[in-house]
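A quick write-up on the structure given underneath.
The values are calculated or read from the model by the stated rules, or taken from the named source; none is laboratory data. Owing to the predicted nature of the structure, the values given are computational and were not obtained by experimental measurement. A quick note on method: Cβ atoms are made from the backbone with ideal geometry, for glycine too, and the neighbour counts reach across all protein chains shown.
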Amino acid sequence: MDAARNSEPVLQLKASLHPFTVLKLESLELSAIAWDLEHRLAKAPQLLKNAPVVIELPSQPISLEWSEQLIRLLKDLGFIPVGLRCDQEHHSVAEHLNLPLFNESAKTNKPQAKQAQPAKLVKQAVRSGQQVINPNGDLVIFGNVGQGAEVLASGSIHIYGTLYGRALAGINGDQTASISCQKLASELLAIAGQYQVSDDLASEHWHKACHVQLKDERLIIESV
């Protein structure tokens, strides 16, 4: 990987108006991307560990197979892909990966009144390695969310079971979104980009029914 170390930058990790970290790719070379991210993780493991990221794709042609390999690479390194930023020609990639779009143009529009969207109901447990997303409303899970599983929604997330995996609500920036579960044992909680990992969760909430909301850019967890 010496060549990757001495070559032009292959990616940037940058802040934006959106609450998630943006991973801007400058190259399609997966080995170089892996080396760069591993190097950054070694320098700042606490900052980047379990970080939700929006992937900004380059304007080059991209195959669906390559996009799947990229997602696997990011997950193997501990990142949490929550959406894409891309040109219209790559919208099919977002659809294939079942990830929402976070394009800059959407932020320049005037705010519009919220329209009620039907909740997505999942009437079974979400097993390890599975990802369930509702990019346009609330998500209701009737069952446990297993370790290594991810549930994401633009609105709130309601889990009628134990949350072992990762729950990310308000993925489009909705700070009024919330997370509720019958038993909290989660790997990660996030609302509108503000997140906590399991090591940060207070012991008094562990294995309790909980409601999580965002106040002053901090997650507030209450036992119910």
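Checked against the criteria, residue 23 counts as touching an Asp or Glu at 6+ places or on another chain (Cβ under 9 Å), crowded, with 17+ Cβ neighbours inside 10 Å and modelled with pLDDT of 85 or more. Within region 165-197, the only residue that satisfies the criterion of being in contact with a Ser or Thr (Cβ under 7 Å, 6 or more places away or on another chain), small (Gly, Ala, Ser) and farther than 26 Å from residue 84 by Cα is 185.
Tell me, which residue of region 84-97 that is touching a strand residue (DSSP E or B) at 6+ places or on another chain (Cβ under 6 Å) and outside any helix (DSSP H, G or I) is modelled with the highest pLDDT? Filtering first and then ranking leaves 84.
Quick one: in region 192-224, which of the residues that are more than 24 Å from residue 127 (Cβ to Cβ) and part of a loop (DSSP other than H, G, I, E, B) is modelled with the lowest pLDDT? It comes out as 202.
When 62, 71 are checked against the criterion of being in a loop (DSSP other than H, G, I, E, B) and at pLDDT 90 or above, 62 stands alone in meeting it.
When the criteria are applied in full, residue 189 meets the requirement of being within 19 Å of the chain's Cα centre (by Cα), outside the structural domain of residue 81 (by TED's automatic domain parsing), surrounded by 20 or more Cβ atoms within 10 Å (Cβ to Cβ) and in a strand (DSSP E or B). Taken together, the criteria exclude residue 167 from residues that are outside the structural domain of residue 102 (by TED's automatic domain parsing), more than 15 Å from the chain's Cα centre (by Cα) and either buried (at least 18 other Cβ atoms within 10 Å of the Cβ) or of a type in the set (D, E, K, R) (or both). Within region 98-116, none of the residues are basic (Lys, Arg), modelled with pLDDT of 90 or more, not assigned by TED's automatic domain parsing to the domain that holds residue 55 and not in a helix (DSSP H, G or I).
Taking the numbered list (1) within 21 Å of residue 49 (Cα to Cα); (2) free of Cβ contacts under 8 Å to residues at least 60 places away in the same chain; (3) touching a Gly at 6+ places or on another chain (Cβ under 8 Å) in turn, residue 144 passes all entries but (1). Applying the set (1) in a helix (DSSP H, G or I); (2) in contact with a strand residue (DSSP E or B) (Cβ under 8 Å, 6 or more places away or on another chain) to residue 175 leaves exactly one unmet item: (1).
Within region 48-59, does at least one residue satisfy the condition of being in contact with a His (Cβ under 7 Å, 6 or more places away or on another chain) and either surrounded by 15 or more Cβ atoms within 10 Å (Cβ to Cβ) or not charged (D, E, K, R) (or both)? Looking for residues that are in contact with a His (Cβ under 7 Å, 6 or more places away or on another chain) and either surrounded by 15 or more Cβ atoms within 10 Å (Cβ to Cβ) or not charged (D, E, K, R) (or both), one finds at least one in region 48-59, hence yes.
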